Ligand SMILES: [Zn+2]
């Protein structure tokens, strides 16, 4: 399986540290607001990656943090604490906010068929681990105290920037933009590991530490939570591309400084979901959530399908027009699957051939848009329905588009409608209705056997009783003459 590795800027064969096992880390949500569908695009694509690892037989352990403390509006020690901002806005305590939005996040994930990681760890549960690692970094000379805070010293590293083709200066400007310089820092990219003196004084959650009462920086969370559960050699780290710098860059800096060797081999970054006016954010335009899409009549599976149609390393443009197109395609696909008949033997050879198209697509840097094409290949294939249904169920272990479930709901709905359409017209007694149904069935058989005389006889007999038969492509119904 080939995956693009942001750290090396190339597609590489994926080879885990331990054969057959994958350790996977995902940056979790900051739980002070609803996730927008742009955030959720990353989680959807990471979910596909995890499920594909499992599909090809890896034993996966996936860990995700919940940022419920210490994430500032900006990366530097400026701006308001996001958690506190949420709490003030909604007149709740910080922990109430964290609980509410954590639940909301997992509820969105459930709607989108995103599996919950094996380990979900809130930052507030790991304060001792953060302190231990920060103490280690100070001991090793990678961190220093200044103005009451503990900072990571980026000048101690041979190479700080990992993920870019840009000049260091350009990136540094990006961080500084609109942000007051923190005069405690020795180097412009140094970042806070532990705060005791923040520029906003009313941080709600604080803990004792060797450096005074305070709270951890954001970056240290992910390093510690990953190492706590997955050890000091991580196979793959995932996140949205906006986390590559400075968040993931800082994670690498502090993790490798602490453990003294390479930490993570593969970096998987999902590109942005943009709107026509640019990057999707909480501050501009309509705030797009799963619930909002539902209120507008979209099924969350239609959004997941929309994401599948595009490669994770391409920016995806969201518009209702684009989502409508995905909705139409998804429902057409479901309608065609709903016509497939259950039962019968799976053709093993056809199954293997069509499955190979799917795995070829996925092995090629998780090409979900080609994997979607493989779904249509199954529909067009000259093989029986049992084989097709088995393939849809198989691919859906990874794509999680609920193809079989939605198709079966649609089939029941259509059967229900057909039944209603065939119900006895008003004024027809149940006995007469039963007789008419039986005769309609007999007439159908007679026609099939080319016994047109009997078919006409039945029509005439019913006509004399005041019943008119109506033949259509859907079958035969009747009314009172
Ligand atoms: Zn993270």
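Since every read-out is calculated from the coordinates, none of them should be taken as a lab result. Just so you know, these numbers come straight off a predicted model, no measurement behind them. Counting neighbours? That spans all protein chains shown, and the Cβs are built from the backbone with ideal geometry, glycine included.
Brief remarks follow.
- Calculation over all alpha carbon pairs of the chain in 20 angstrom steps from 0 returns a P(r) of 20, 44, 21, 10, 4, 0 percent.
- Rounded to 10°, Cα long-axis angle of helix 348-363 versus longest principal axis of the chain: 30
- Inter-centroid distance (Cα atoms) of the range 97-159 relative to the range 7-70, Å: 16
- Treating each Cα of the range 284-342 as an identical point scatterer and summing with the Debye formula, the log10 of I(q)/I(0) at q = 0.27, 0.30 Å⁻¹ comes to -1.19, -1.30.
- Each Cα pair under 8 Å and six or more residues apart adds its sequence gap; the mean of these over the residue count of the range 2-270 is a relative contact order of 26 percent.
- Helix 430-448 vs. the chain, principal-axis angle (Cα, 0 to 90°, nearest 10): 90
- Net lengthening on full extension, residue 291/residue 12 (0.36 nm per residue, minus Cα-Cα): 96.7 nm
- The antiparallel fraction among DSSP beta bridges confined to the chain stands at about 50%.
- The chain: relative contact order in percent, alpha carbon pairs under 8 Å with at least 6 residues between: 16
- Acute angle (nearest 10 degrees) that the helix 452-464 long axis makes with the longest principal axis of the chain, alpha-carbon atoms: 90
- For the range 354-457, relative contact order (Cα pairs under 8 Å, six or more residues apart, normalised by length) works out to 13 percent.
- Where the Cα pairs of the range 329-423 fall when distances are cut into 10 Å bins, in %: 16, 46, 27, 8, 2, 0
- Helical mean residue ellipticity (222 nm; -39500 (n - 2.57) per DSSP H run of 4+; nearest 500) of the chain: -15000 deg cm²/dmol
- Classification of the range 423-480 by its C-alpha gyration tensor yields a prolate form. The axis ratio a/c (a ≥ b ≥ c) is 1.5 or more, and a/b outweighs b/c.
- Debye equation applied to the C-alpha atoms of the range 235-380, log10 I(q)/I(0) at 0.14, 0.19 Å⁻¹: -0.89, -1.20
- Over the range 2-270, volume per residue of the alpha carbon convex hull, in Å³: 123
- Cα-Cα P(r), the range 8-74, percent of pairs per 5 Å interval: 4, 13, 19, 20, 18, 12, 9, 4, 0
- Residue exposure sequence - 471, 363 - by fewest surrounding Cβ within 10 Å: 471, 363
- Shape category assigned to the range 1-145 from the gyration tensor of Cα positions, a/c cut at 1.5: oblate
- DSSP bridge pairs, the range 2-270: antiparallel proportion in percent, nearest 5: 45
- Annotation for the range 434-481 versus the range 353-414: alpha-carbon center distance of 41 Å.
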